[in-house]
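Data first, discussion second: the structure below is written as structure tokens.
The values are calculated or read from the model by the stated rules, or taken from the named source; none is laboratory data. These numbers come from a predicted model, not from an experiment. Positions of Cβ are backbone-derived with ideal geometry, glycine not excepted, and every protein chain shown enters the neighbour counts. Heavy atoms of the whole protein, side chains included, go into the accessibility calculation; ligands, DNA and RNA do not. Shrake-Rupley method; radii C 1.70, N 1.55, O 1.52, S 1.80 Å.
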Amino acid sequence: AVTAKARAQIKNDDAELASFYERQGQLDDAAAIYKKLAAANSQQSQGAWQSLASLYAGQQRYGDAVAAYQQAIANLEASGQPEARNQSLWMRQNLAQTLQQAGQVQEAGQVYQQLLSESQDGPDGNRPQFLSNYANYLNGTKRSGDAEKLLTDYLANHPNLQPWQESNVLYA
């Protein structure tokens with residue numbers, strides 16, 4: 001009864017309804033709504049692609065998750081929105097992690113390399129995070145020496161990092 005009442009209250013908000021279905025474990029229903037929202041090319045479509053990719057990754061449907069992340073990235077890059085570049089970088093991070101989970105180690109490495117070449121040491125502070133994630137990837141693929149060298153070189157060449165950035169790199 002509670003589920004029916006909640007569903008009735010959010011029936012006019014597809015994104016909320018999909019999220020509700022996901023929380024309730026009705027993953028096929030959630031995916032169907034996310035697909036509908038993603039195809040609509042509306043303001044919600046970008047979030048829908050991301051949610052769909054996350055849903056698929058959680059179900060270990062990595063091929064579907066990768067395809068959804070790639071579509072989300074393509075849409076972001078085509079949008080021309082000012083924040084699209086930064087969002088695209090984080091979406092690539094999620095793509096790389098999903099590829100790694102899927103056992104597509106070489107493809108994940110290529111995405112990480114692309115992330116590092118496109119990210120900058122700007123005020124947003126993304127590069128140290130991407131660098132740390134790439135180092136974790138290298139460590140996970142039995143290249144911990146490469147990871148350590150990457151991080152120590154970065155620290156040596158960037159003595160003026162914000163304390164939280166330096167801490168993140170040191171932790172990695």
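One table, with the values for the structure above:
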quantity	calculated
Phi-based couplings in Hz for the range 58-67 (Karplus 6.51, -1.76, 1.60; Gly and Pro marked x)	x, 8, 6, 9, 5, x, 5, 5, 4, 4
GluC sites (Glu not before Pro) within the range 73-126, DSSP loop, no more than 11 other Cβ atoms inside 10 Å	Glu83
D (Stokes-Einstein, µm²/s), Kirkwood Cα radius, the range 9-101, 0.890 mPa s at 25 °C	185
Over the range 66-172, relative contact order from alpha-carbon pairs under 8 Å, at least 6 apart, %	18
Residue-averaged 222 nm ellipticity for the chain, from DSSP H runs of 4+ at -39500 (n - 2.57), nearest 500	-24500 deg cm²/dmol
Zero-based 10 Å bins, Cα pair distances in the range 71-172, whole percents	15, 45, 31, 9
Restricting the range 130-172 to trypsin sites (Lys or Arg not before Pro) in coil, as DSSP defines it, with at most 16 other Cβ within 10 Å	Lys142, Arg143
For the range 153-163, Karplus couplings with θ = phi - 60° (6.51, -1.76, 1.60), whole Hz, Gly/Pro x	5, 4, 4, 5, 8, 9, x, 10, 5, 5, x
Fully extended contour minus Cα-Cα distance, from Trp164 to Asn86, at 0.36 nm per residue	26.1 nm
Taking the convex hull of Cα positions in the range 55-106, its mean projected area over all directions (nm²)	3.5
Estimated distance in nm for a label pair at Gln120 and Asp146, the labels positioned 7 Å out from Cα along Cα-to-Cβ	2.7
Heavy-atom accessible surface of the chain: percent carbon and sulfur, 1.4 Å	46
Structure-derived Cα Rg over 2.2 N^0.38 Å - corresponding label in (i) 1.09; (ii) 1.30; (iii) 1.20	(iii)
